[in-house]
């Protein structure tokens, strides 16, 4: 079965969506990612959607679900690389991706994730590592 | 109004939704739509194709490249023989859904296009027509 690869980068998982996602593939990604967060003890998930030509309500919902599930599993999610035309369309469609953090590219996404995780560690009284 | 191209595609599986997106993109490009206009009509097509599959239990879409005077457009007509929609006004509200989605399919697609028309009869099926003009 076709799958979207999930790469481990230190504490983070990186997902680069490079195909025109059909619905089943999106559902598989959701399952695979939650499994990997637990297995790899990941603290953050980066989803690179720079190749996606559209985000409709189904894909939007999947992204929102991944962020919620990750949060419950103690990981932060950042979506990076959304194309401007996709952003314009998404808002007009009525989807604002509540609870999903975004960054312009992978580098900025990594910075944002590191910041989030450090902040959380400080709030919990731990030393960030 | 002149029809430059006219084809019908089945909507029976989630792969067909992807196909509808690809064809809509191709035809919008052919009609020299801007990137934002392409993205809007493709996104609306994706929403409505999924509705046809999920709520209409499958059906088909007729895609037309049209021209009216200097205006060029893409028109899509989705047809299913599903259960139909009992309350159209309600179905067109943001956030209303009888399924597992977010209820943005109809209301959201309407905002993404220039022309929108829906006909539905309980027990007979639903037809949704959208068009976006350059």
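Please treat every number below as a calculation from the coordinates, not as lab data. Since the structure is predicted, the reported quantities are computational estimates derived from the model, not experimental observations. Every residue, glycine among them, receives a Cβ derived from its backbone with ideal geometry; neighbour counts consider all protein chains shown.
Things worth noting here:
- Taking every Cα-Cα distance in the stretch A:1-101 and sorting them into 10 Å bins starting at zero, the pair-distance distribution P(r) comes out as 16, 53, 28, 3 percent.
- Label-to-label distance, nm, for residues given as residue A:111 and residue B:3 (7 Å Cα→Cβ offset): 5.4
- For the protein assembly as shown, alpha-carbon Rg and Dmax in angstrom: 20.1, 69
- Packing around the peptides A:2-14, B:119-131, taken as the average count of other Cβ atoms within 10 Å per residue, puts them in this order, highest first: B:119-131, A:2-14.
- Spin-label model, residue B:30 to residue A:122: label points 7 Å out along the Cα-to-beta-carbon direction sit 5.7 nm apart.
- Average other protein chain Cβ within 10 Å of Cβ, residues A:82-89: 5
- Once the convex hull of all Cα atoms in the stretch B:2-133 is built, its volume per residue stands at 96 Å³.
- Rounded tilt (10° steps) of A:57-72 against the dominant C-alpha axis of chain A: 10
- Potential extension, residue B:12-residue B:124 segment - 0.36 nm per residue separation minus Cα distance: 38.5 nm
- Average beta-carbon neighbours from other chains, 10 Å sphere, peptide B:42-52: 4
- Per-residue ellipticity at 222 nm from helix content only, as computed over chain B with -39500 (n - 2.57) for each DSSP H run of at least four residues, stands at -11500 deg cm²/dmol.
- Where only DSSP H runs of four or more residues are counted, chain A gives -15500 deg cm²/dmol as its mean residue ellipticity at 222 nm, each run worth -39500 (n - 2.57).
- Angle of helix B:14-30 to the longest C-alpha principal axis of chain B, folded into 0 to 90 degrees and rounded to 10: 30°.
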